[in-house]
Amino acid sequence: MKNTIKLTKKSDKDVYVQHLRLVLFGIAAVGTIGFGIQFIFSVLTFGR
């Protein structure tokens with residue numbers, strides 16, 4: 001366990017910002033897809 005911790009290195013700011021941006025983009029994409037599906041089905045049931 002100690003050897004593993006010694007081998008790891010702290011990521012620099014650029015890598016951290018890149019990962020944060022990717023994660024936030026993924027969350028936004030999933031939310032947008034979910035909102036779109038919910039909106040489509042609410043319109044379809046409203047038309048009946």
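Report, by residue number, each residue of the range 1-25 that is of a type in the set (A, V, I, L, M, F, W, C) and modelled with pLDDT under 80.
MET1, ILE5, LEU7
Quick grid of which residues meet (1) hydroxyl-bearing (Ser, Thr, Tyr); (2) free of Cβ contacts under 8 Å to residues at least 12 places away in the same chain; (3) surrounded by 10 or more Cβ atoms within 10 Å (Cβ to Cβ); (4) in a helix (DSSP H, G or I):
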position	(1), (2), (3), (4)
ILE5	no, yes, no, yes
LYS9	no, yes, no, no
ASP14	no, yes, no, yes
VAL23	no, yes, yes, yes
ALA29	no, yes, yes, yes
THR32	yes, yes, yes, yes
GLY36	no, yes, yes, yes
PHE39	no, yes, yes, yes
LEU44	no, yes, no, yes
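The values are calculated or read from the model by the stated rules, or taken from the named source; none is laboratory data. What you are looking at is a predicted structure, and each value in this text was computed from that prediction instead of being measured. As a convention, Cβ positions derive from the backbone with ideal geometry for all residues, glycine included, and neighbour counts pool all protein chains shown.
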